[in-house]
Amino acid sequence: MATFADLPDSVLLEIFSYLQVRDRIRISRVCHHWKKLVDDRWLWRHVDLTLYTMRPKVMWHLLRRYMASRLHSLRMGGYLFSGSQAPQLSPALMRALGQKCPNLKRLCLHVANLSMVPITSLPCTLRTLELHSCEISMAWLHKEQDPTVLPLLECIVLDRVPAFRDEHLQGLTRFRALRSLVLGGTYRVTETGLDMGLQELNYLQRLEVLGCTLSADSTLLAISRHLRDVRKIRLTVRGLSAPGLSVLEGMPALESLCLLGPLVTPEMPSPQEILTSCLTMPKLRVLELQGLGWEGQEAERILSKGLPHCMVIVRALPKESMDWWM
């Protein structure tokens, strides 16, 4: 019978990669061979620390001993709701990440109080920054901030960041490498603010507007005015109508369009109206409809038959992936 000792190192590393950080460190005490495997660079490319209320001393040890130059993606929590005794993210820790982790490309912060953490302290190597249920200060993303901050940033995800508003959206223009923007539940962003922001962010190639108070019609109108080179659009269908969808007709670079339910209204475009608009988009290759209740119905057949050059996906809303680095 085969045992762990018979497995090749590559298989063991794959198994170890599914373990939580605390368990990885524990198994390094089993034997010298496993200690060597746990120290492998490959195992520390993507690290998830959101499961722990971690003392600063432990965090600094992980940073020096295991992560350092190996780290590519880091997910961590700020313990915003854990009480005053819980450790908080600090400017010193953010600066240390930048100094000790030169290959860090993606940083995901969850439930963190960043009001005392200036954006200038974040690692300058970041290409993707995700904020989930975080608090930020009014000055965090203002235009007046240093324009050289995060010069490589290509993607920013703002998911349930209650303080994010029109002024912050306009402040994103200082990230000249930015190509992808995701707004989720940013209820303080207004239709006027979105229009003004996209006017200056006209170089975006991907835009997602999900679960906001903005109507889909107003969002698509702002996109059609200012993002003529956008390649991917993903938005909630709240307030979507056939005339609103028609403003995308003829979009020259649009390759992927995703419409998400479940807020379907009587004004929601019919499958035939969606087909008519999509046929005018010369580069459209993916049409995705999620949570509209059209799975396996006539609507799916109409769209699949009418768009033979497209991948048509009609499905229920999927569960959120645990592979957060993908």
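Scanning the stretch 9-40 for residues that are within 27 Å of the chain's Cα centre (by Cα) and of a type in the set (Lys, Arg) yields 22, 24. Among the residues of the stretch 218-225, is there at least one that is farther than 18 Å from residue 181 by Cβ and more than 20 Å from the chain's Cα centre (by Cα)? Among the residues of the stretch 218-225, not one is farther than 18 Å from residue 181 by Cβ and more than 20 Å from the chain's Cα centre (by Cα), which makes the answer no. Just give me the residues in the stretch 189-215 being surrounded by 17 or more Cβ atoms within 10 Å (Cβ to Cβ) and part of a strand (DSSP E or B), in sequence order. 206, 207, 208, 209, listed by residue number.
Residues in the stretch 15-41 that are within 20 Å of residue 69 (Cα to Cα) and of a type in the set (D, E, K, R): 22, 24, 35, 36, 39, 40, 41.
No lab work stands behind these numbers, since they all come straight from the coordinates. It should be emphasised that the depicted structure is a prediction, and the values quoted were computed from it without experimental measurement. FYI the Cβ positions are ideal-geometry reconstructions off the backbone, even for glycines, and counts take in every protein chain you see.
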